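**Student:** Structure incoming, see below.
The values are calculated or read from the model by the stated rules, or taken from the named source; none is laboratory data. The structure displayed is predicted, hence computed values, not measured ones. Please note: Cβ atoms are built from the backbone with ideal geometry, for glycine as well, and neighbour counts cover all protein chains shown. Each accessible area value is taken on the protein alone, full model and side chains, heavy atoms only, with ligands, DNA and RNA left out. Shrake-Rupley method; radii C 1.70, N 1.55, O 1.52, S 1.80 Å.
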Amino acid sequence: MKKFIILIPVYNDWKSVFKLLTAIDSQVTAWNAEVSVLIINDASTEKRPSIESSFNNIKSVRVMNMKKNKGHARCYATGLKFLSTKEDFDYLIP
């Protein structure tokens, strides 16, 4: 089974992220793959609501917090570096 990791940067727009996660969960049903999500929190000033694990097809949702706001490009770079050294996966979707 293929392993996919989806990388999502976010700054203060948690409501949209949860809508996106719900949409991803419904779309990956037909993939026949293990799908995980890594959210890079770009030093959001709004408090992050708890992530409910009520997804049927997403195996895990993790959040990595940046100490300072660096922009989405730096979030992608940080997430890519972390995942390439710490995780085993077949595909990465930014």
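**Student:** Please give the helix 72-86 orientation as an angle from the longest Cα principal axis of the chain, in degrees from 0 to 90, rounded to the nearest 10.
**Tutor:** Relative to the chain, helix 72-86 is tipped by roughly 50 degrees.
**Student:** For the chain, take N as its residue count and report Rg(C-alpha) divided by 2.2 N^0.38 Å.
**Tutor:** Numbers: Rg = 13.0 Å, N = 94, 2.2 N^0.38 = 12.4 Å.
Normalised Rg, Cα atoms only: 1.05.
**Student:** On a 0 to 90 degree scale, rounded to 10, what angle separates helix 14-27 from the longest Cα axis of the chain?
**Tutor:** Around 10 degrees separate the two axes.
**Student:** Evaluate the distance, in nm, between pseudo-label points positioned 7 Å from the Cα of Leu20 and of Lys2 along their respective Cα→Cβ axes.
**Tutor:** 2.1
**Student:** Please give the FRET efficiency for Asp90 paired with Glu46, using the beta carbon to beta carbon distance and R0 = 22 Å, rounded to the nearest 0.05.
**Tutor:** Details: r = 34 Å, r/R0 = 1.53.
With R0 = 22 Å, the Cβ-Cβ based efficiency is 0.05.
**Student:** Now for a separate question. Roughly how many Å² is the accessible area per residue of the chain, as a whole number, for a 1.4 Å probe?
**Tutor:** 65
**Student:** Shape of segment 1-40 from its Cα gyration tensor (a ≥ b ≥ c, root eigenvalues): rounded if a/c is under 1.5, otherwise prolate when a/b > b/c, or oblate?
**Tutor:** Numbers: a/c = 4.96, a/b = 1.74, b/c = 2.85.
It comes out oblate by the Cα gyration axes.
**Student:** FRET efficiency for Tyr76 and Asn56, Cβ-Cβ distance as r, R0 = 35 Å, nearest 0.05? Intermediate results must be reported in sequence, preceding the final value.
**Tutor:** On the way: r = 27 Å, r/R0 = 0.77.
Once rounded, the FRET efficiency stands at 0.85.
**Student:** What FRET efficiency would be calculated for the residue pair Ala33, Asn69, taking the C-beta separation as r and a Förster radius of 41 Å, to the nearest 0.05? Present the calculation step by step, with values, prior to reporting the outcome.
**Tutor:** Details: r = 33 Å, r/R0 = 0.79.
With a Förster radius of 41 Å, E is 0.80.
**Student:** Roll a 1.4 angstrom probe over the protein heavy atoms and tell me the percent of accessible area of the chain that is carbon or sulfur.
**Tutor:** Values: 3050 of 6140 Å².
Looking at the chain in its full context, I get 50 percent from C and S.
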